[in-house]
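The values are calculated or read from the model by the stated rules, or taken from the named source; none is laboratory data. Predicted model only: the values in this text are computed from it and were never measured. Ideal geometry is used to build each Cβ from the backbone, glycine not excepted, and the neighbour counts take in all protein chains shown. For accessibility, only protein heavy atoms count, side chains too; no ligands or nucleic acids. Shrake-Rupley method; radii C 1.70, N 1.55, O 1.52, S 1.80 Å.
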Amino acid sequence: MNLKLISGSSNIKLASDIASLLGMPLTKNILKRFRDGEIYVQISENIRGDDVFVIQSVSNPVNDNLMELLIIIDALKRASAGRITAVIPYYGYARQDRKSDPREPITAKLVADLLSIAGASRVLVVDLHVPQIQGFFNIPVDEVSAIPLFAEYIKDLSINDPVVVAPDVGATKKARQLAKRLNNCPLAIIDKRRSAHNESDIYNIVGDVEGKTAIIFDDIIDTGNSIVKAVERLSQSTNEVYVLATHGVFSGNAIDILESSAAKQIIITDTIRLSQETKKIKVLSMAKFLSHVIINIHNDKSVSELFN
Ligand code: R5P
């Protein structure tokens, strides 16, 4: 099967970077809107029997980008693609992964069903909000992480006396993976609770952070409220606070409140396109790593070996 890459409109920069690293062009397609808002897609090249990777983040505008991804997959299926991998650097709706209150949907599962029904043969995602979402699919899911990239970046800063901080209990497992890569540095956990959607309160810090340099790791920064509160709290007792987050959703005035926070630096990846870096916000690219992952999937090779 020939390898083909195709991009939706959510993150053309990342898709183009992956394509140039792989030394191949993006497959041409037409993405248009009808006047009533419906999305029109046409694949402009023959892709019969090909191994096609569709790159699209389900980021803001979430519903448009999701629908566009589904329609591209449907077009590829009907054009007889040999295999279709949905490369979803940011899997939107992942935070709706369970019923926390009566009569709520599980939208992360609905999205998984929609992708399969559209015709995806497999999925490649970066740092899912919770790993259980893998089980929402009956097709293979490769979940890769930005942690190795973050670890390399932090190591280069030669930080004195670091402590990795999980901003909530759910983030502990991944924070521990980061701490392991930073010469097994200590780990602390913030006891965060939510009183309402998009609001968070901090109760306690579990672990010793006194006088250390805190490195917070979270999967998502959305409104920025959780991180800013964590930074405020940690600043009271630590030397400096760095923030690492895979997905910079940055809703509302998130960028402004992060910029004016006490964080020394906020480091995110390009799973979601950010128009430009700011004084505090630094973007690391996942393009190189994802290009290796795509090649390994294409060649039926191990993906986990790339983490080493
Ligand atoms: C929550 O469990 C996630 O890991 C993030 O901490 C959360 O989505 C961040 O949201 P916000 O920036 O709106 O506080």
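With every protein chain kept in place and ligands, DNA and RNA left out, what is the accessible area per residue of the range 147-284? Probe 1.4 Å, answer in Å².
47
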Distance between Cα centroids, the range 1-30 to the range 136-151: provide it in whole Å.
20
Selection from Tyr203, Ile147, Ser260 lying farthest towards where the dipole of the range 147-284 points positive, charges on Cβ:
Ile147
Cα centroid separation - the range 71-87 against the range 240-298, whole Å
29
About the Cα centre, charge dipole magnitude for the chain (Lys/Arg +1, Asp/Glu -1 at Cβ), debye:
420
Compute the helix-to-body angle for 225-235: its Cα long axis versus the longest principal axis of the chain, expressed 0 to 90° and rounded to tens.
30
22 Å Cα-Cα reach of Lys301 towards lysines, excluding residues that sit fewer than 8 places from it in its own chain:
Lys4, Lys288
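Rounded to the nearest 500, what is the chain's calculated 222 nm mean residue ellipticity when only DSSP H runs of at least 4 contribute -39500 (n - 2.57) each, over all residues?
-8500 deg cm²/dmol
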Rank Leu115, Leu128, Leu22 by mean-square fluctuation in a GNM of the chain with C-alpha springs under 10 angstrom and give only the top-ranked residue.
Leu22
Compute the long axis of helix 107-118 from its Cα atoms, compare it with the longest principal axis of the Cα atoms of the chain, and write down the angle in degrees, 0 to 90, nearest 10.
20
Please report, for the Cα atoms of the chain, the Rg to one decimal and the Dmax as a whole number; what are they, in angstrom?
19.8, 60
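Which value, in debye to the nearest 20, gives the size of the charge dipole of the range 147-284 about its Cα centre, when Lys and Arg are +1 and Asp and Glu are -1 at the Cβ?
Rounded to the nearest 20 debye, it is 280 debye.
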If you build a Gaussian network model of the chain, linking Cα atoms that sit under 10 Å apart, which residue out of Ser158, Ser261, Ser59 swings the most?
Ser158
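On a full-extension model of 0.36 nm per residue, what is the gain between Arg35 and Asn198, subtracting their alpha-carbon distance, rounded to one decimal in nm? It would help to have the intermediate numbers written out before the result.
Working: separation 163, 0.36 × 163 = 58.68 nm, distance 3.33 nm.
Contour length minus the Cα-Cα distance gives 55.4 nm.
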Between the Cα axis of helix 287-298 and the main Cα principal axis of the chain, the angle (0 to 90°, nearest 10) is 50
Run through the DSSP bridge list for the range 147-284 and note the antiparallel percent, rounded to the nearest 5.
20
Check which residues have an amide H placed less than 5 Å from Phe53's amide H, if you skip close sequence neighbours.
Lys4, Leu5, Ile6, Thr85
Out of Gly37, Gly207, Gly248, a Gaussian network model of the chain with alpha-carbon springs under 10 Å gives the largest mean-square fluctuation to Gly37
Can you list the aspartates and glutamates whose alpha carbon is less than 17 Å from that of Lys109, not counting same-chain residues fewer than 8 positions off?
Asp97, Asp101, Asp127, Asp142, Glu143
Count of lysine pairs in the range 147-284 with Cα separation under 19 Å (8 or more residues apart, or interchain):
17
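Output the relative contact order of the range 147-284, whole-number percent, from Cα pairs under 8 angstrom with separation of 6+ residues.
Values: 281 pairs, mean separation 26.4, N = 138.
Relative contact order of the range 147-284: 19 percent.
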